[in-house]
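The values are calculated or read from the model by the stated rules, or taken from the named source; none is laboratory data. Given the structure is predicted, the values throughout are model-derived calculations rather than measurements. Virtual Cβ from ideal backbone geometry, glycine too; neighbours counted across all protein chains shown.
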């Protein structure tokens, strides 16, 4: 019988860089496709910072953790290779939570057909979790207004780069926080951000003062880290903070404390967290909101493509080191 | 010419207990009442935690600080004793931001007539800043739902005690945080709270677990302090935090840090600060919302009345020590 490769989570991370001992690479038999099911050959899979949450054992998180021994959770894109499902036929391009495996058996739940004539990398980089997250967080949570100043951390990342470009298209002043000069140059010169700040600088407050002379109205947080406090101190009255990610805290034993709540009162700030699983029912309207910006050429992106299923394991560490250049994608 | 006593702010607090050197007690001449003006003899004035903010020099705060040399800002209630204003006549009972002084000259701006046949203490304790703040914060910011669990800090204070009683009337489980046993007994036995926790206890997390077995949906924050972190860790998915006051931070050189933002994402929490000056235009509707609860006997209160204008100075320190019993009011 034909087999395929899958990667199961067998241990939970305990802080620090992830290593291969958390996972086991297994061979599985390609399953029989029953009535109402179809089989997808996954072609590209997405690596996302949210995976750190999915691997952890915190039962209070927004979705249950991946059970030990189960295939690691991930979203991906592929092609239907066999179908006994009325709505999907062989050759359909589909996206969904396919997991770290070469083949994926589905009953159609949570799987969407892709009709846009774009390469897989573009679909995963823009029209999947990154773009949906950027639209939901920026527009529905952050409520940007033309002329305001937005700052986004992880600005060269898959979500941050789209957030910044959407905000520019809406007429905001946009500052991006990144971890190296190459990323700073990319977001300013290629994406059109107004300013970039390297969070590793030692004059963060002075750089913020210069980049945001009128203060900050909207703070889109993807990373955490010490710059969070400097940014928070410069938020204007009625400012909003969208808490989307906290990558610096995911592999910390004890996450850093946040800013004092004193400015929350003084400046009547709203801080709001969100995660996409609460909004999967809004995907059609989020895509509808996103599409015109993409069609108008206002959303550039870049993908960092790793080769082969097993490259996913080391790939996750690129989020912590910041060495990824653009959306992390694994090509199978 | 007749004179009256006023107290001016002449120095800004620098942390620690306030002392009389921040203020100067002066004699002023009762002013001439011009056309469009009226004179109020203040009878009772309110002491509020917000005063710590008004005295500080932070220009980023929600209203400008009291200028050095100006009369200290406060709200009060009194009687019109002379009027050349078409809308106010001698004998009218009025409330407004009258300041620390025995007489107050007004053009009517921000002054409201009192028609309810209730003693001055009741007006200042319920139908003034405390009640308005409780209604705005609980209903318009916190959006309570029947069956949810609310925790309020400063629960025996002027705002907290009303918040808790309104939430009880709406069918929530209500836990109050206080600083001594007498206050704990009062909010449970007299006000009908479901549980009280003394923030000075050394088993705060265990007490919270017992008092809120289903977690916390709504956290109404008046105080800050270490219990903030324990409460925050027990907030449920989609929980809301209303940040109304942070009395423990007002006289701190460096305010305590807040909780990590990690749970804001995991549990999709919203934290929102508010201050009443943004909502003074809503006062009529806030009073309309409050009145039925008061008429139904659902809002009990107690006042702590100090005697004489100069008692205000020492009176402010009662907020920091927690020795006030109910709404602090100065009788002139």
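Of the strands (runs of 3 or more DSSP E) that lie entirely inside region A:188-298, those containing 1 or more residues that are more than 16 Å from residue B:263 (Cα to Cα) and touching a residue at least 12 places away in the same chain (Cβ under 8 Å) span A:195-198, A:216-221, A:235-243.
Listed by position, the helices (runs of 4 or more DSSP H) contained in region B:109-171 that have at least 3 residues being touching a strand residue (DSSP E or B) at 6+ places or on another chain (Cβ under 7 Å) and within 18 Å of residue B:239 (Cβ to Cβ) are B:158-169.
This table checks each residue for (1) over 30 Å from residue B:154 (Cβ atoms); (2) surrounded by fewer than 18 Cβ atoms within 10 Å (Cβ to Cβ); (3) modelled with pLDDT under 90.
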site: B:73; (1), (2), (3): no, no, no
site: B:83; (1), (2), (3): yes, no, no
site: B:90; (1), (2), (3): yes, yes, no
site: B:95; (1), (2), (3): no, no, no
site: B:98; (1), (2), (3): no, no, no
site: B:104; (1), (2), (3): no, no, no
site: B:117; (1), (2), (3): no, yes, yes
site: B:128; (1), (2), (3): no, no, yes
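Listed here are the residues, each with its yes/no results for (1) touching a helix residue (DSSP H, G or I) at 6+ places or on another chain (Cβ under 6 Å); (2) at pLDDT 95 or above; (3) not assigned by TED's automatic domain parsing to the domain that holds residue A:54.
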{"position": "A:197", "(1), (2), (3)": "yes, yes, yes"}
{"position": "A:200", "(1), (2), (3)": "no, yes, yes"}
{"position": "A:231", "(1), (2), (3)": "no, yes, yes"}
{"position": "A:242", "(1), (2), (3)": "yes, yes, yes"}
{"position": "A:254", "(1), (2), (3)": "no, no, yes"}
{"position": "A:258", "(1), (2), (3)": "no, yes, yes"}
{"position": "A:261", "(1), (2), (3)": "no, yes, yes"}
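Against the conditions (1) touching a strand residue (DSSP E or B) at 6+ places or on another chain (Cβ under 6 Å); (2) within 14 Å of chain A (Cβ to nearest Cβ), residue B:15 satisfies every one except (1). On the given criteria, is residue A:205 away from chain B (no Cβ under 14 Å) and touching a strand residue (DSSP E or B) at 6+ places or on another chain (Cβ under 9 Å)? No. Only strands (runs of 3 or more DSSP E) whose full extent lies in region A:16-104 are considered here, and the ones with at least 3 residues that are in contact (Cβ under 8 Å) with a residue 40 or more places away in the chain are A:23-29, A:38-46, A:76-83.
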